[in-house]
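Just so it is clear, none of the values below were taken in a lab; they were calculated from the coordinates. Everything numeric in this text was worked out from a predicted model, so none of it was measured. Positions of Cβ are backbone-derived with ideal geometry, glycine not excepted, and every protein chain shown enters the neighbour counts.
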Amino acid sequence: MSDTAIRVEQLGKFYKIGAQKAKYKTFRDTLAHAAATPARMARSLFSRNGQAKTDDNTFWALKDISFEVKRGEVVGIIGRNGAGKSTLLKILSRITDPTTGFAEIHGRVGSLLEVGTGFHPELTGRENIYLNGAILGMSKADIERRFDEMVAFAEVEKFIDTPVKHYSSGMYLRLAFAVAAHLEPEILLVDEVLAVGDAQFQKKCLGKMGEVAKEGRTVLFVSHNMAAIDNLCSDVIVLCTGELAFKGKTSTGIEQYLSGLATAENSQVDLSLRNRPSWALPWIVDARVLNTEGKQQSNFGLGSDVTIELDFRTPNGEKLRRPVMGLVVNHSVRGTVGAINSLMTGFEPNKSEYSMGRIRCKISGTPFLQGLYTVDLWLGDGPRDVDTVTGALSFSIEATDIYGTGRSPFATLGIALIRASWEIEATRPVLVAHKD
């Protein structure tokens with residue numbers, strides 16, 4: 001038997017931008033359409049040179065992707081938002097068809113692409129477990145053997161006979177992951193759904209995926225959590241705007257991905273393209289990272305002073321009465337490292353009303369080790385939320401000889417730069433008298 005679990009050859013997927021949804025058809029219409037499909041596809045999808053036709057209304061989510069995954073490998077899939085990661089998993093899960101190329105799957109697939117994939121809302125948790133098990137080809141005896149373990153993992157014992165439409169999103173997710181991971185699929189596909197769970201649940205799921213990997217099953221794991229990718233995956237696939245940018249060792253792939261991310265993030269900031277929550281007002285209009293001379297800079301030495309600056313502007317004569325700036329600093333691999341806002345430090349503006357302004361936050365002697373850091377910005381009116389921009393800025397801390405010894409700290413041992421002084425003194429042994 002071949003040791004290849006997944007084989008992908010010249011895979012491509014494009015969508016028509018603004019295409020209307022197809023109307024429902026009768027059974028007769030479906031049969032007539034199926035009979036004419038091969039000829040229609042040959043005429044409409046492909047030109048004479050065998051390439052899919054494209055135009056200004058075509059968007060390639062994936063283009064010419066080829067790779068293999070061996071049985072028992074744990075492979076991470078990383079890339080920026082819109083790189084094609086979720087589209088790839090949907091094709092491998094047979095949820096959507098590719099436009100070009102093909103994907104071979106050798107083994108039973110369990111997938112968790114979004115909260116409760118494959119669950120029927122009217123069925124109870126118990127019924128959905130049996131339904132998903134049957135879909136995966138499990139026997140009733142096999143499902144019953146793992147049933148108690150799944151319910152305990154999901155922590156929904158009290159609600160197992162309640163229709164899942166009444167579950168909270170957290171309960172829904174816990175049960176969905178428990179089913180996907182415990183029904184012994186030979187290939188497990190997991191998208192970024194773990195991001196919606198709490199920290200304890202994420203840790204629990206990552207531990208379970210580690211167990212699945214040790215059992216020799218194949219795992220494809222999409223995540224923006226580089227620490228989880230680095231910990232779980234032996235190899236990574238890096239996607240960039242729908243194309244395969246790298247396939248190989250995890251450490252090399254993460255380094256290449258972060259390098260490209262830093263280049264993109266350090267270019268001119270376009271806040272209009274950033275994702276904001278639905279409540280946010282787009283009043284943060286510009287932002288930048290500055291050095292001690294007030295000039296824009298993206299790379300700093302250990303212990304440098306770094307200034308984060310934002311500009312805001314209110315429309316239609318509206319005013320900010322107590323402008324508050326907040327920021328969250330995130331390490332690219334290890335997650336959030338700290339947060340602060342001007343209100344908590346006691347800083348007050350010098351005017352009572354602002355229609356536009358500029359706020360600066362100086363981080364003195366940045367206490368971070370070498371690595372890439374991103375900054376989430378927040379604007380408030382006193383304690384009231386006004387605007388927030390995730391990943392608005394980024395900067396890098398470079399390894400430098402901060403101690404003046406020709407050595408730099410070990411970044412593998414943490415994220416905090418520790419400053420210390422040392423003392424040593426000679427001591428004398430303490431003599432203890434013993435009685436005979």
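Dipole of segment 82-193 computed with +1 at Lys/Arg Cβ and -1 at Asp/Glu Cβ about the Cα centre; of Phe159, Asn132, Ile143, farthest Cα towards the positive end is Asn132. In segment 141-242, the convex hull through the Cα atoms has an average projected area of 7.7 nm², a quarter of its surface area.
Each eigenvalue of the Cα gyration tensor of segment 356-428, multiplied by 5 and square-rooted, gives one semi-axis; in descending order these are 37, 16, 11 Å.
For segment 304-384, the dipole from Cβ point charges (+1 on Lys and Arg, -1 on Asp and Glu) about the Cα centre works out to 100 debye, to the nearest 20. With the cut-off at 18 Å, tell me which of the pairs Lys63/Lys249; Lys90/Lys249; Lys158/Lys204; Lys13/Lys90; Lys63/Lys90; Lys70/Lys140 have Cα atoms farther apart than that. Distance filter (> 18 Å) returns Lys63/Lys249; Lys90/Lys249; Lys158/Lys204; Lys70/Lys140.
Its Cα centre serving as origin, segment 379-432 has a Cβ charge dipole (Lys and Arg +1, Asp and Glu -1) of approximately 300 debye.
With the simple model of a label 7 Å out from the Cα in the direction of the Cβ, Ser364 to Met344 spans 1.9 nm. Starting from the Cα gyration tensor of segment 70-112, take the square roots of the eigenvalues, sort them a ≥ b ≥ c, and report rounded, prolate or oblate (rounded when a/c is under 1.5, otherwise prolate if a/b is larger than b/c, else oblate). Oblate, because a/c is 1.5 or more while a/b does not exceed b/c.
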